[in-house]
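K.L.:
Take this structure, written in structure tokens, and hold onto it; I'll ask about it next.
The values are calculated or read from the model by the stated rules, or taken from the named source; none is laboratory data. Predicted model, so just to flag it, every value in this text is computed and none were measured. Neighbour counts run over all protein chains shown; Cβ positions are idealised from the backbone, glycine included.
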Amino acid sequence: MSDELKVLEGGVSAPNAVLRSITITGFKSVLAKTTLEFAPGITAIIGPNGSGKSNVADGIRWALGENNARTVRARRNDELIFAGSETRRGVGMAEVTLQLDNSSRRLPIDFAELEVGRRLFKSGEAEYLVNRARVRLRDLQDLLAGANLADNPFVVIGQGLVDQVLALRPADRRTVIEEAAGTRRLHLRREDALTRLKSAEVELVRVIDILREIGPRVALLEDQARKWTEYEMVRNELRRRALRWYRSSFGDAATARADLAARLVSVEREIERLADYVAESEGVTAVSDEELRLAREEEERRRIGAADAVAAESGLRERIAALQAAA
């Protein structure tokens, strides 16, 4: 059994759950663990005034989720814990457990026998138990609501309540009887449903008026929606075609760039070859110029030598002629 109760389909048509027993420990004037069993029929608890008879009824109310301390005849919740007496020490916890026969499944939970318990500690902490497993108060109330045991002031009828009911006006008395029978809750639900239905009808009229108002604009809006759809289709197609064109253009540009790069490499190689040729040619030209200069110098020396020889021959002839003339 987890903290979330497994709720089944119950119903007011099923016989009600039957209280089999109540176990009280440390609650109000009851110190020791005390269990009272209830047989079929009427069970009477008798005793002198102040013996704690009413505390049994208070324990039933409290175990079923009653949170108003005054309803169980206490000023504060901590007064529900046995505070001690002249001969007995107080305790730190009050606990009440109810044993219910749920074979009719009036309580919407998949157990034929059910334990509903509640604990209160001195610290103020409270625990709610279903079959000894901790649950939330809301879970307990939802469970007990299936048998009209949640928040029902007529689960326990106190002294004088019958006289008060009989003294009421017929309309008020009917309300009390409906609450005790659980039909009052159904009437309230019906009234709430009718209120929500009227609100829905008003809202429906408002919606119809709005539809009538916007009716003439529907055709225009439909035409605009159709044009917008066509626009979206054309724009998407244009986007796809532009993407294909860019991809194709990028591919052509890449191919052209690769061709240019190859041609550039070829041109650079040709330039290198021509540069080597020019350098070689310049070297050959330098050698030819040097040989020509040397040849010219040699020719000049030979010309000068020839001129000197002619001059010497002419001088010799002149001396010979002079010698002949003198002879």
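K.L.:
Among the listed residues Leu107, Leu129, Leu120, Leu168, identify the single one that is within 38 Å of the chain's Cα centre (by Cα), outside any helix (DSSP H, G or I) and at pLDDT below 85. I'd like the intermediate steps shown before the answer.
P.N.:
Numbers: Leu129 fails: at pLDDT below 85; Leu120 fails: at pLDDT below 85; Leu168 fails: within 38 Å of the chain's Cα centre (by Cα).
One residue alone meets the criteria, Leu107.
Residues checked against (1) crowded, with 18+ Cβ neighbours inside 10 Å; (2) touching a residue at least 24 places away in the same chain (Cβ under 8 Å); (3) of a type outside the set (S, T, N, Q):
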site	(1), (2), (3)
Thr23	yes, yes, no
Gly26	yes, yes, yes
Thr35	no, no, no
Thr43	no, no, no
Ile46	no, no, yes
Gly50	no, no, yes
Asn55	yes, yes, no
Gly65	yes, yes, yes
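K.L.:
Please determine, by comparing only the residues of the range 88-107 that are surrounded by fewer than 19 Cβ atoms within 10 Å (Cβ to Cβ) and aliphatic (A, V, I, L, M), which one is nearest to Glu125 (Cα to Cα).
P.N.:
Result: Met93.
K.L.:
Just to be sure I understand, how many residues within the range 83-137 are within 16 Å of Glu66 (Cβ to Cβ) and among the aromatic types (Phe, Trp, Tyr)?
P.N.:
Of the residues in that region, 1 qualify.
K.L.:
Within the range 41-84, can you find the residues that are over 19 Å from Leu120 (Cβ atoms) and in a loop (DSSP other than H, G, I, E, B)?
P.N.:
Of all residues in the range 41-84, those over 19 Å from Leu120 (Cβ atoms) come to 41-51, 53.
Within the range 41-84, Gly41, Ile42, Thr43, Ala44, Ile45, Ile46, Gly47, Pro48, Asn49, Gly50, Ser51 meet the criteria.
K.L.:
Residues Leu238, Leu221: which one is surrounded by 10 or more Cβ atoms within 10 Å (Cβ to Cβ) and under 38 Å from the mean Cα position of the chain (by Cα)? Write out each step before concluding.
P.N.:
On the way: Leu238 fails: under 38 Å from the mean Cα position of the chain (by Cα).
Only one candidate qualifies: Leu221.
K.L.:
Residue pairs, Cβ under 8 Å, 6 or more apart or interchain, first in the range 177-192 and within 17 Å of Ile157 (Cα to Cα) and among the polar types (S, T, N, Q), second in a helix (DSSP H, G or I) and at pLDDT 75 or above. List them.
P.N.:
Nothing qualifies.
K.L.:
Only residues that are under 30 Å from Arg136 (Cβ atoms) and either surrounded by fewer than 14 Cβ atoms within 10 Å (Cβ to Cβ) or modelled with pLDDT of 75 or more (or both): list them for the range 184-206, please.
P.N.:
Within the range 184-206, the first condition is being under 30 Å from Arg136 (Cβ atoms), and the residues that meet it are 184-193, 195-196.
Selection gives Leu186, His187, Leu188, Arg189, Arg190, Glu191, Asp192, Ala193, Thr195, Arg196.
K.L.:
Inspect the range 175-183 for any residue being touching a Lys or Arg at 6+ places or on another chain (Cβ under 6 Å), assigned to a helix (DSSP H, G or I) and at pLDDT below 80 and give the result as yes or no.
P.N.:
If we filter the range 175-183 for residues that are touching a Lys or Arg at 6+ places or on another chain (Cβ under 6 Å), which is where we start, we get 178.
Adding the requirement that they be assigned to a helix (DSSP H, G or I) leaves 178.
In the following step, the residues that additionally are at pLDDT below 80 were identified as 178.
Yes, the range 175-183 contains a residue that is touching a Lys or Arg at 6+ places or on another chain (Cβ under 6 Å), assigned to a helix (DSSP H, G or I) and at pLDDT below 80.
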